[in-house]
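To start, the structure itself, in structure tokens.
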Amino acid sequence: MANKVKNKTHKGLSKVLKVRKSGSVKFQHANKLHQTTNRSNASRRERHQEVGLAKSDYKRIKDIIKK
């Protein structure tokens, strides 16, 4: 019987996404570290919070990340 090929974890994506205990995936907003002078204060504050990954996106990348 031939060995089954195993997929490797995508290292760049694994450094950005974190899997919670419940199985949902969280990540940080982009564009929050510099060049924020033209943004509103509300827009800057929104980027402080972590965001959950949408189910449709999770279906696309579930083979790349490991729990």
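Each reported figure results from applying straightforward, stated rules to the coordinates on display, with no laboratory input. Because the structure is a prediction, the values reported are computed rather than measured. Counting neighbours? That spans all protein chains shown, and the Cβs are built from the backbone with ideal geometry, glycine included.
Quick one: net charge of LEU33's neighbours, Cβ under 11 Å, K/R +1, D/E -1?
Values: positive: LYS32, ARG44, ARG47; negative: none.
Its environment carries a net charge of +3.
Calculate the translational D of the range 11-61 in whole µm² s⁻¹ from Stokes-Einstein, where the hydrodynamic radius comes from the Kirkwood formula applied to all Cα pairs, the temperature is 20 °C and the viscosity 1.002 mPa s.
Values: Rh = 12.5 Å.
For the chosen part, D equals 172 µm²/s.
Work out from phi, with θ = phi - 60° and the Karplus expression 6.51 cos²θ - 1.76 cosθ + 1.60, the ³J(HN,Hα) of each residue of the range 7-15, listed in order in whole Hz, and give x for Gly and Pro.
3J(HN,Hα) across the range 7-15, in whole Hz: 7, 8, 5, 6, 5, x, 6, 5, 7.
Give a quick list of trypsin sites (Lys or Arg not before Pro) in the range 1-35 that DSSP marks as loop, anything other than H, G, I, E or B, with at most 11 other Cβ atoms within 10 Å. Kindly include the intermediate steps, with their values, before the conclusion.
Details: sites: LYS4, LYS6, LYS8, LYS11, LYS15, LYS18, ARG20, LYS21, LYS26, LYS32; in loops: LYS4, LYS6, LYS8, LYS15, ARG20, LYS21, LYS32.
Those that pass, being in a loop and sparsely packed, are LYS4, LYS6, LYS8, LYS15, ARG20, LYS21.
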